[in-house]
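J.: Below is a structure I'd like to ask you about.
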Amino acid sequence: MTITPARTVPYVSQFGSPGLVPQLIARTLAPEDDPAWAESGAASPEEYAWWCRRVCGMACLRMALVHWRGEAPGTVALAHECVAAGAYVVDGEQVQGLIYAPFAAYVRERWGLAATVERALEPARVREHLDAGRLPMLSVHPSVRTLDPAPAARGGHLVLAVDHDDEALYVNNPSGFPGTQHYARVPWPDLYRFFARRGVVLDDPSV
């Protein structure tokens, strides 16, 4: 039986203006010119431009926090906290991360959520987590936004799994294009092309 998603988990883009994601991804619009850059918590358009392509994990965390706590800092503000926690390592113009173990520790200590790193996360287990009310952050290839028939790899980008039915997984994709952002449908057979079978599973123990 197909279940219609409830669409209760809010959407957060890693970019300030979700409607401008195609131009930002294609680099036909400079991120400094994103009119909503300040919503990220960055101190300047330049700081936002540096971080916006790197904070898919922060967008996923922000969605979970708004869902369970009602509010959350912006993505760049969260990224700074994760740098301090060792979940991002900044080396000049390079960023290593999101590093799952320190990120999960940060989520538990800072926000009081349960956070479990899973490195052999099969689709059936994703369904179990969702059925239990948990929100898995999944490592997928960014071309999942178009269901690319031949992605270059698996992993490299984080999306938040929010629901499922018999035929598909539904994800909130921080870098999705309009129409593939909030509760974007990924048929189960297609997921295998993009999914690296790893991620961080979030839960609210107070619920």
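J.: Counting only residues that are of a type in the set (D, E, K, R), touching a residue at least 24 places away in the same chain (Cβ under 8 Å) and under 18 Å from VAL126 (Cα atoms), which one in segment 142-195 is surrounded by the fewest Cβ atoms within 10 Å (Cβ to Cβ)? Can you show your working first?
T.: We begin by selecting, within segment 142-195, every residue of a type in the set (D, E, K, R); these are 145, 148, 154, 163, 165-167, 185, 190, 193.
Then drop every residue that is not touching a residue at least 24 places away in the same chain (Cβ under 8 Å), which leaves 145, 148, 154, 163, 165-167, 190, 193.
Checking the rest, the ones that are also under 18 Å from VAL126 (Cα atoms) come to 154, 163, 165-167, 190, 193.
Values: ARG154: 16, ASP163: 22, ASP165: 15, ASP166: 9, GLU167: 12, ASP190: 17, ARG193: 18.
By that ranking, first place goes to ASP166.
J.: Still on this structure, I have one more. Quick one: in segment 151-207, of everything that is among the aromatic types (Phe, Trp, Tyr) and not in a helix (DSSP H, G or I), which residue is nearest to VAL117 (Cα to Cα)? Working first, answer last.
T.: From segment 151-207, those among the aromatic types (Phe, Trp, Tyr) are 170, 177, 183, 188, 192, 194-195; that's our starting set.
Filter once more, keeping what is not in a helix (DSSP H, G or I): 170, 177, 183, 195.
Working: TYR170: 20, PHE177: 28, TYR183: 23, PHE195: 15 Å.
Taking the candidates together, the pick is PHE195.
J.: Consider ALA101 carefully, then state whether it is more than 22 Å from VAL171 (Cα to Cα) and either surrounded by 12 or more Cβ atoms within 10 Å (Cβ to Cβ) or without any contact (Cβ under 8 Å) to a residue 12 or more places away in the chain (or both). Full working, then the answer.
T.: Values: more than 22 Å from VAL171 (Cα to Cα): yes; either surrounded by 12 or more Cβ atoms within 10 Å (Cβ to Cβ) or without any contact (Cβ under 8 Å) to a residue 12 or more places away in the chain (or both): yes.
Yes; evaluated as a whole, the condition is true for this residue.
J.: If you take the residues in segment 73-95 that are in contact with an Asp or Glu (Cβ under 8 Å, 6 or more places away or on another chain) and not aliphatic (A, V, I, L, M), which one is nearest to VAL55 (Cα to Cα)?
T.: GLY74
J.: Would you check which residues across segment 122-135 are under 16 Å from the mean Cα position of the chain (by Cα) and either among the aliphatic types (A, V, I, L, M) or more than 20 Å from ALA196 (Cα to Cα) (or both) and list them? Lay out the reasoning, then the answer.
T.: Going residue by residue through segment 122-135, those that are under 16 Å from the mean Cα position of the chain (by Cα) are 126, 130, 134-135.
VAL126, LEU130, LEU135, listed by residue number.
J.: Pick out the one residue from ALA64, ALA72 that is of a type in the set (A, V, I, L, M), open to solvent by less than 30 Å² (accessible area, probe 1.4 Å), over 21 Å from SER143 (Cβ atoms) and part of a loop (DSSP other than H, G, I, E, B). Don't jump to the end; show me each part of the working.
T.: Working: ALA64 fails: part of a loop (DSSP other than H, G, I, E, B).
It is ALA72.
J.: For LEU130, are the conditions met, namely being closer than 22 Å to VAL12 by Cβ, open to solvent by 10 Å² or more (accessible area, probe 1.4 Å) and aliphatic (A, V, I, L, M)? First the steps, then the outcome.
T.: On the way: closer than 22 Å to VAL12 by Cβ: yes; open to solvent by 10 Å² or more (accessible area, probe 1.4 Å): yes; aliphatic (A, V, I, L, M): yes.
For LEU130, the condition - closer than 22 Å to VAL12 by Cβ, open to solvent by 10 Å² or more (accessible area, probe 1.4 Å) and aliphatic (A, V, I, L, M) - is met.
J.: Show the residue pairs meeting these rules: Cβ distance below 9 Å; 6+ apart or different chains; first residue within segment 40-60 and among the aromatic types (Phe, Trp, Tyr) and open to solvent by 20 Å² or more (accessible area, probe 1.4 Å); second residue part of a loop (DSSP other than H, G, I, E, B) and modelled with pLDDT under 95.
T.: The qualifying pairs are TRP50/GLU93.
J.: If you don't mind, another one. Being outside any strand (DSSP E or B), on the phi < 0 side of the Ramachandran plot and crowded, with 16+ Cβ neighbours inside 10 Å is the filter here; which residues of segment 78-98 pass it? Give the derivation first.
T.: In the first step, residues of segment 78-98 are kept if they are outside any strand (DSSP E or B); the result is 78-88, 92-93, 97-98.
Then keep just the ones that are on the phi < 0 side of the Ramachandran plot; that gives 78-85, 87-88, 93, 98.
Once the filter is applied, which keeps residues that are outside any strand (DSSP E or B), on the phi < 0 side of the Ramachandran plot and crowded, with 16+ Cβ neighbours inside 10 Å, segment 78-98 yields LEU78, ALA79, HIS80, GLU81, CYS82, ALA85, ALA87, TYR88, LEU98.
J.: A further question on this structure: In the set THR28, THR116, which member is outside any strand (DSSP E or B), surrounded by fewer than 19 Cβ atoms within 10 Å (Cβ to Cβ) and hydroxyl-bearing (Ser, Thr, Tyr)? Can you show your working first?
T.: Working: THR116 fails: outside any strand (DSSP E or B).
THR28 is the lone residue from the list that is outside any strand (DSSP E or B), surrounded by fewer than 19 Cβ atoms within 10 Å (Cβ to Cβ) and hydroxyl-bearing (Ser, Thr, Tyr).
J.: Could we say that LEU121 is at negative phi, assigned to a loop (DSSP other than H, G, I, E, B) and in contact with a strand residue (DSSP E or B) (Cβ under 7 Å, 6 or more places away or on another chain) here? Can you show your working first?
T.: Values: at negative phi: yes; assigned to a loop (DSSP other than H, G, I, E, B): yes; in contact with a strand residue (DSSP E or B) (Cβ under 7 Å, 6 or more places away or on another chain): yes.
Yes, satisfied.
J.: So, one more: Can you name the condition, by its number, that VAL107 falls short on among (1) open to solvent by 40 Å² or more (accessible area, probe 1.4 Å); (2) in contact with a Leu (Cβ under 8 Å, 6 or more places away or on another chain)?
T.: The failed condition is (1).
J.: How about segment 81-132: which of its residues are out of contact with any helix residue (DSSP H, G or I) (no Cβ under 9 Å at 6 or more places or on another chain), farther than 17 Å from LEU160 by Cα and of a type outside the set (Gly, Ala, Ser)?
T.: VAL83, ASP91, GLN94, GLN96, ARG108
The values are calculated or read from the model by the stated rules, or taken from the named source; none is laboratory data. This one's a predicted model, so the numbers in the text were calculated from it and none came from an experiment. Quick reminder, even Gly has a Cβ in these numbers, built from the backbone with ideal geometry, and neighbours come from all protein chains shown. Side chains included, ligands, DNA and RNA excluded: accessible areas come from the protein's heavy atoms. Shrake-Rupley method; radii C 1.70, N 1.55, O 1.52, S 1.80 Å.
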